[in-house]
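Step one of this worksheet: look at the structure below.
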Amino acid sequence: MSVSSTPLEPLGSEVLLQDGNAMVLSMGPQHPSTHGVLQIMLEIEGETVVKAEPEIGYLHTGIEKTAENLFWTQAQTVIERMDYLAPESNALCYCLAVEKLLGVEAEIPERATLIRVLVAELTRIASHCVWLGTHGIDLGALSIFFYCFDLRENILDLQEAAGGARMHPNYVRVGGVNGDLPDGFLTRLDALIEKFPGRMRELRALLQKNPIFQDRTIDVGIVSAEQAVGWALTGPALRASGVAYDVRRAFPYCGYDKYEFDVPTRKEGDAYARFLVRLDEMDEAMRIVAQVRKALRPGPTMSSNVKFAPPPKETIAISMEALIHHFKLVSEGFRVPPGDVYASVEGPRGELGYYVVSDGGNRPYRVRTRPPSLYNLQALKGMAPGNLIADLVVMIGSMDPVFGEVDR
Amino acid sequence: MEVGPGHFLLAKLDDVARWAQSSSVWPLTMGLACCAIEMMSVTAPEYDVARLGSEVFRASPRQADLMIVSGRVAQKMAPIVKRLYDQMADPKWVISMGACASSGGIFDNYAIVQGVDTIVPVDVYVPGCPPTPDGLLYAINLIQQQIREGGRGGIFARA
């Protein structure tokens with residue numbers, strides 16, 4: 001495809017219409033504070049927003065359509081690239097849905113489930129680190145970015161060790177996880193668990209009592225509990241408004257009902273409350289990680305049902321059966337009985353759900369996503385009017401949208 | 001450069017200018033997708049692109065020298081990427097970061113531009129999905145090398 005060099009339509013940050021006191025201004029899609037490629041059509045009077053209309057789709061990737069043309073396992077590759085701050089949550093949710101369709105939930109080994117919880121909670125911390133760092137930059141607090149990304153590197157190192165890649169490790173697979181944790185992983189994990197509380201104290205010390213940060217966030221972007229439920233907000237955005245809905249509690253999966261953790265909530269519903277809820281969530285996530293660490297026992301990490309789970313690599317060289325199963329799985333994938341299923345997990349941004357339909361073939365018939373960011377972002381339309389443009393930046397940041405999953 | 005008698009250096013003005021230019025390549029703050037997060041990691045303590053003089057990310061294309069196309073370019077975003085490139089002042093360079101920006105990557109479909117080089121001229125391609133920050137650092141190194149040598153051309157970055 002080539003793009004012609006004829007003059008382009010008016011897009012970008014410029015005045016589109018001026019009429020009396022009102023002015024229509026386009027914010028984004030190239031803007032440092034929109035957390036990606038979001039365009040907001042603003043109707044403003046002076047600096048006050050009268051109307052804000054988010055325009056999405058600048059990162060539309062056709063992920064759901066592409067997934068229909070890939071084997072069940074291959075589809076996971078594109079699915080991980082939706083919410084790129086928490087790829088493990090995406091993969092986990094998709095695998096849970098496919099396992100539900102296959103009817104093999106009971107065949108997932110104990111150790112695999114524990115490792116899944118481990119990586120899902122680590123990825124939550126890493127995701128919140130990116131949110132906190134970028135939210136800080138938006139408000140002019142640059143130092144927090146360096147602290148957050150330093151902490152995130154520790155988690156990415158672990159992720160890279162386990163899955164082989166920093167950001168999209170494709171580690172959680174249908175039937176378990178791809179290979180056991182490598183040597184030395186647990187030692188490094190222990191070191192992280194030990195230094196984490198100190199790191200969190202640093203992060204809190206930088207912003208929590210900072211008067212400028214408080215001025216910018218307290219009473220900004222208030223969402224009442226009724227509004228939050230009405231807009232179908234989930235995750236920290238909902239819990240900051242006083243509704244204690246958490247998928248891990250409401251519909252436990254992966255044995256979350258066995259772990260001790262609190263669901264942090266606040267009553268205020270403003271940007272500062274969302275900031276506090278996310279910080280508390282990081283602490284709670286690490287609490288779960290520590291419990292998983294204690295519960296880890298040696299054992300298999302992949303189901304032994306070779307009809308959908310690849311046989312162990314070392315058996316392929318010595319067993320004809322294993323070789324055949326491996327060949328079949330790689331060349332034509334596995335088949336999933338016809339039916340449809342919805343599975344959801346608590347991602348860093350809220351309820352992440354997959355509605356998966358199978359027609360009995362070796363490729364998904366439909367993979368419909370419920371991306372929490374999309375639902376959380378629509379609250380912007382209700383929050384923005386009457387506030388300053390500068391506060392709009394705070395609102396976008398406090399909703400923590402990821403455009404890979406908004407636009408898909 | 002050579003050391004002259006006494007305390008001064010002799011150099012060609014061109015060389016000095018290129019040296020200065022290559023040590024202060026300011027990238028455009030343009031994050032598109034996953035690669036943008038790794039682009040941010042490059043500025044973080046572990047990789048610290050400030051060592052190369054490229055930590056000053058500019059939100060305005062008018063002040064930027066380097067466009068890092070960090071992620072998949074959707075058909076809807078393509079005209080804007082082209083427009084941003086046109087708004088940047090000469091001389092300017094482009095890094096195509098990641099498989100999606102370079103070739104469409106795994107997204108060979110209706111929504112994604114199959115290679116940002118169909119829109120803007122690319123100087124360095126960085127492979128990976130997403131590339132590691134080391135890969136991007138190396139790409140910036142290659143851009144600096146190009147600037148010092150005063151030439152341009154398609155060079156593939158391999159970290």
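Of the numbered conditions (1) assigned to a strand (DSSP E or B); (2) modelled with pLDDT of 80 or more, A:HIS60 fails exactly one; give the number of that condition.
Evaluating A:HIS60 over (1) assigned to a strand (DSSP E or B); (2) modelled with pLDDT of 80 or more leaves (1) as the failure.
For the stretch A:229-248, what are the residues that are part of a helix (DSSP H, G or I) and closer than 15 Å to A:VAL277 by Cα?
Step one: filter the stretch A:229-248 for residues part of a helix (DSSP H, G or I), giving A:229-230, A:236-239, A:247-248.
Selection gives A:PRO236, A:ALA237, A:LEU238, A:ARG239.
Looking at the structure I just gave you, is A:PHE275 surrounded by fewer than 21 Cβ atoms within 10 Å (Cβ to Cβ), at pLDDT 90 or above and aromatic (Phe, Trp, Tyr)? Let's see the steps before the verdict.
Numbers: surrounded by fewer than 21 Cβ atoms within 10 Å (Cβ to Cβ): no; at pLDDT 90 or above: yes; aromatic (Phe, Trp, Tyr): yes.
No; evaluated as a whole, the condition is false for this residue.
Please determine, by comparing only the residues of the stretch B:17-40 that are at pLDDT below 90 and open to solvent by 60 Å² or more (accessible area, probe 1.4 Å), which one is nearest to the other protein chains (Cβ to nearest Cβ).
Filtering the stretch B:17-40 for residues that are at pLDDT below 90 and open to solvent by 60 Å² or more (accessible area, probe 1.4 Å), the one nearest to the other protein chains (Cβ to nearest Cβ) comes out as B:GLN21.
Among A:VAL402, A:VAL306, which is the only one that is of a type in the set (A, V, I, L, M) and open to solvent by less than 10 Å² (accessible area, probe 1.4 Å)?
On the way: A:VAL306 fails: open to solvent by less than 10 Å² (accessible area, probe 1.4 Å).
Among A:VAL402, A:VAL306, only A:VAL402 is of a type in the set (A, V, I, L, M) and open to solvent by less than 10 Å² (accessible area, probe 1.4 Å).
Among the residues of the stretch B:129-148, which ones are at the interface with chain A (Cβ under 9 Å from one of its Cβ atoms) and assigned to a loop (DSSP other than H, G, I, E, B)? Step through it out loud before you land on a result.
To start, the set of residues in the stretch B:129-148 that are at the interface with chain A (Cβ under 9 Å from one of its Cβ atoms) comprises B:129-130, B:132-133.
Selection gives B:CYS129, B:PRO130, B:THR132.
How many residues are charged (D, E, K, R) and buried (at least 24 other Cβ atoms within 10 Å of the Cβ) when one looks only at the stretch A:327-361? Steps first, answer last, please.
Here is the first cut: in the stretch A:327-361, the residues charged (D, E, K, R) are A:328, A:332, A:335, A:340, A:346, A:349, A:351, A:359.
After this cut, where a residue has to be buried (at least 24 other Cβ atoms within 10 Å of the Cβ) as well, the list is A:346, A:349.
Looking only at that region, the number is 2.
Does the stretch A:156-171 contain at least one residue that is touching a strand residue (DSSP E or B) at 6+ places or on another chain (Cβ under 7 Å) and either touching a residue at least 12 places away in the same chain (Cβ under 8 Å) or within 30 Å of A:ASN387 (Cα to Cα) (or both)? Don't jump to the end; show me each part of the working.
Of the residues in the stretch A:156-171, the ones touching a strand residue (DSSP E or B) at 6+ places or on another chain (Cβ under 7 Å) are A:171.
Cutting the leftovers down to either touching a residue at least 12 places away in the same chain (Cβ under 8 Å) or within 30 Å of A:ASN387 (Cα to Cα) (or both) gives us A:171.
Yes, that holds for at least one residue.
Out of all the residues in the stretch A:126-145, which are surrounded by fewer than 24 Cβ atoms within 10 Å (Cβ to Cβ), of a type outside the set (Val, Ile, Thr) and facing chain B (nearest Cβ under 9 Å)?
A:PHE145
So, of the residues in the stretch A:260-272 that are buried (at least 18 other Cβ atoms within 10 Å of the Cβ) and in contact with a Lys or Arg (Cβ under 9 Å, 6 or more places away or on another chain), which turns out to be nearest to A:LEU92 (Cα to Cα)?
Of the residues in the stretch A:260-272, the ones buried (at least 18 other Cβ atoms within 10 Å of the Cβ) are A:261, A:264-266, A:269-272.
Those left that are additionally in contact with a Lys or Arg (Cβ under 9 Å, 6 or more places away or on another chain): A:261, A:264-266, A:271-272.
Details: A:PHE261: 20, A:PRO264: 23, A:THR265: 25, A:ARG266: 28, A:ALA271: 29, A:TYR272: 30 Å.
Once the filter is applied, the top-ranked residue is A:PHE261.
So B:LEU84 ticks every box in (1) within 14 Å of chain A (Cβ to nearest Cβ); (2) more than 16 Å from the chain's Cα centre (by Cα); (3) over 27 Å from A:HIS128 (Cα atoms); (4) open to solvent by less than 60 Å² (accessible area, probe 1.4 Å) but one. Which box is left unticked?
(2)
Being open to solvent by less than 50 Å² (accessible area, probe 1.4 Å), at pLDDT 90 or above, part of a strand (DSSP E or B) and under 30 Å from A:CYS129 (Cβ atoms), is that true of even one residue in the stretch A:280-296?
No, because not a single residue in the stretch A:280-296 is open to solvent by less than 50 Å² (accessible area, probe 1.4 Å), at pLDDT 90 or above, part of a strand (DSSP E or B) and under 30 Å from A:CYS129 (Cβ atoms).
Specify which of the listed residues (A:PRO312, A:PRO371, A:PRO364) is of a type outside the set (A, V, I, L, M) and open to solvent by 40 Å² or more (accessible area, probe 1.4 Å). Give the derivation first.
Values: A:PRO371 fails: open to solvent by 40 Å² or more (accessible area, probe 1.4 Å); A:PRO364 fails: open to solvent by 40 Å² or more (accessible area, probe 1.4 Å).
After applying the criteria, what remains is A:PRO312.
What number of residues in the stretch A:163-192 are at pLDDT 90 or above, farther than 24 Å from A:THR134 by Cα and in a helix (DSSP H, G or I)?
So the answer is 7.
If I ask for residues that are closer than 30 Å to A:VAL24 by Cβ, surrounded by fewer than 19 Cβ atoms within 10 Å (Cβ to Cβ) and either more than 7 Å from chain B (Cβ to nearest Cβ) or touching a Pro at 6+ places or on another chain (Cβ under 7 Å) (or both), which ones from the stretch A:46-86 would you list? Give the steps one after another, and end with the answer.
So the first thing to find is which residues in the stretch A:46-86 are closer than 30 Å to A:VAL24 by Cβ, and the list is A:46-61.
Going one step further and asking which of them are surrounded by fewer than 19 Cβ atoms within 10 Å (Cβ to Cβ), we end up with A:46-48, A:50-51, A:53, A:55, A:57.
Within the stretch A:46-86, A:GLY46, A:GLU47, A:THR48, A:VAL50, A:LYS51, A:GLU53, A:GLU55 qualify.
Give just the number: which of (1) under 29 Å from A:VAL394 (Cα atoms); (2) surrounded by 24 or more Cβ atoms within 10 Å (Cβ to Cβ) does A:ILE212 not satisfy?
(2)
Suppose we filter A:VAL98, A:VAL177, A:VAL117, A:VAL104 for residues that are within 16 Å of A:THR73 (Cα to Cα) and either under 15 Å from the mean Cα position of the chain (by Cα) or surrounded by fewer than 22 Cβ atoms within 10 Å (Cβ to Cβ) (or both); which single one remains?
Working: A:VAL98 fails: either under 15 Å from the mean Cα position of the chain (by Cα) or surrounded by fewer than 22 Cβ atoms within 10 Å (Cβ to Cβ) (or both); A:VAL177 fails: either under 15 Å from the mean Cα position of the chain (by Cα) or surrounded by fewer than 22 Cβ atoms within 10 Å (Cβ to Cβ) (or both); A:VAL117 fails: within 16 Å of A:THR73 (Cα to Cα).
Only one candidate passes the filter, namely A:VAL104.
Given the structure, is A:ARG204 charged (D, E, K, R) and within 14 Å of another protein chain (Cβ to nearest Cβ)? Reasoning before the result, please.
Details: charged (D, E, K, R): yes; within 14 Å of another protein chain (Cβ to nearest Cβ): no.
So A:ARG204 does not fit the description; no.
Restricting to the stretch A:146-174, and then to whatever is farther than 18 Å from B:PRO130 by Cβ and not aliphatic (A, V, I, L, M), can you tell me which residue is most open to solvent (accessible area, probe 1.4 Å)?
That would be A:TYR147.
Please specify each residue of the stretch B:101-121 satisfying the condition of being touching a helix residue (DSSP H, G or I) at 6+ places or on another chain (Cβ under 8 Å), open to solvent by 20 Å² or more (accessible area, probe 1.4 Å) and more than 10 Å from every other protein chain (Cβ to nearest Cβ).
B:SER102, B:ASP117
The values are calculated or read from the model by the stated rules, or taken from the named source; none is laboratory data. Please read these numbers as outputs of a predicted model, since none were measured by experiment. Every residue, glycine as well, gets a Cβ built from its backbone with ideal geometry; the counts of neighbours run over all protein chains shown. Only protein heavy atoms, including side chains, enter the accessible area calculation; ligands, DNA and RNA are left aside. Shrake-Rupley method; radii C 1.70, N 1.55, O 1.52, S 1.80 Å.
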